[in-house]
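Colleague: Take a look at the following structure, please.
We did not get these values from a lab; they are worked out from the coordinates using the rules stated. What you see is a predicted model, and the numbers here were worked out from it, not measured in a lab. Ideal geometry is used to build each Cβ from the backbone, glycine not excepted, and the neighbour counts take in all protein chains shown.
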Amino acid sequence: MFKLSIKETEANFKRNKAFIRIQTRTDIISATCIGQLYVVEMDKPQLTALITQSKQKPTSFATWHRHLAYARVEIIHQMMTENLVDRLNVYRESSISKLCENCIYSKHTAHPYNDNKSREKEILECIHIDIWGPCQVQSTGGVLYFMVIIDGFSLYQMVAFLKSKSAEVILNIFKSFHTEAQC
Ligand SMILES: [Zn+2]
């Protein structure tokens, strides 16, 4: 007798017969040696039952919806009622919520940004300020924030590193920017 074992399955060879056995000690395949080949006996009802077991198991409607590439509910109902797909076995009480999150997100659209907005016509007509911070780690110079100021017309910009974002500090930086942007 010769034995092969792979994970939970083992194959036993005895005289001119071979048996594939799973962990439950049940023979799932048997084969007879004919010449130099083992011919599998396919007419065993148990084998058929084991193979089809997973396909026969009823599955929720939501699972089928995902498996069928998020097909519309009406399409899946049509497949079921007209028996168009083999083994499309759905729980009787199962249904899909009309609010399938993935379908909602996938159908979202966005309007393009409006390119026609008016641009500034002179320096300091409009400036853009962004203050970032506080940092989790203070710099060696004691800086916790940084501030970016951009002039909308000339696109002149200044980056300032700040220890605090008090009104006085911000005003001083703005005055400095105001002077430099006009040069
Ligand atoms: Zn969906």
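Colleague: Report, ordered by chain and residue number, the aspartates and glutamates lying within cross-link reach of K121, taken as a straight Cα distance under 13 Å and ignoring same-chain residues fewer than 8 apart.
Modeller: Within the straight-line cut-off, K121 pairs with D151.
Colleague: Any aspartates and glutamates with Cα under 15 Å of the K14 Cα? List them, leaving off those in the same chain fewer than 8 positions away.
Modeller: D27
Colleague: Between E8 and F146, what length in nm is gained on full extension when 0.36 nm per residue of separation is reduced by their alpha carbon distance? Don't skip to the end; give the middle numbers.
Modeller: Values: separation 138, 0.36 × 138 = 49.68 nm, distance 6.19 nm.
Length gained between E8 and F146: 43.5 nm.
Colleague: OK, next. Highest first, please rank the peptides 134-140, 167-173 by the mean number of other Cβ atoms sitting within 10 Å of their residues. Present the calculation step by step, with values, prior to reporting the outcome.
Modeller: Working: 134-140: 8.9, 167-173: 12.9.
Order by mean packing, descending: 167-173, 134-140.
Colleague: Another question, if that's okay. Place the peptides 155-162, 125-132, 31-38 in order of packing, highest mean first, counting for every residue the other Cβ atoms within 10 Å and averaging per peptide.
Modeller: Values: 155-162: 14.8, 125-132: 12.8, 31-38: 11.2.
By packing density, highest mean first, the sequence is 155-162, 125-132, 31-38.
Colleague: Straight-line reach from K57: which aspartates and glutamates have a Cα under 15 Å away, not including same-chain ones fewer than 8 places off?
Modeller: Counting by Cα, and skipping residues close in sequence, K57 has these aspartates and glutamates nearby: D86, E93.
Colleague: Determine the equivalent ellipsoid of the range 58-106 by diagonalising the alpha-carbon gyration tensor, then write out the semi-axes as square roots of 5 times the eigenvalues, largest first, rounded to whole Å.
Modeller: Gyration-tensor ellipsoid for the range 58-106: 18, 11, 9 Å.
Colleague: Just to check I understand the Karplus step: with θ = phi - 60° and J = 6.51 cos²θ - 1.76 cosθ + 1.60, what whole-Hz values come out for the range 166-174, glycine and proline as x?
Modeller: With coefficients 6.51, -1.76 and 1.60, one gets 5, 4, 5, 5, 5, 5, 5, 5, 5 Hz.
Colleague: Out of residues 5 or more away from N89 or on other chains, whose amide H comes under 5 Å of its own, with H placed 1.01 Å from N in the peptide plane?
Modeller: T59
Colleague: Roughly speaking, what is the stretch gain from M79 to L37, that is 0.36 nm per residue apart minus the C-alpha to C-alpha distance, in nm to one decimal?
Modeller: Numbers: separation 42, 0.36 × 42 = 15.12 nm, distance 4.27 nm.
Length gained, M79 through L37: 10.9 nm.
Colleague: On full extension of the chain, what length is gained from C103 through T26, given 0.36 nm per residue of separation minus the C-alpha to C-alpha distance?
Modeller: Details: separation 77, 0.36 × 77 = 27.72 nm, distance 4.40 nm.
Value of the extension gain: 23.3 nm.
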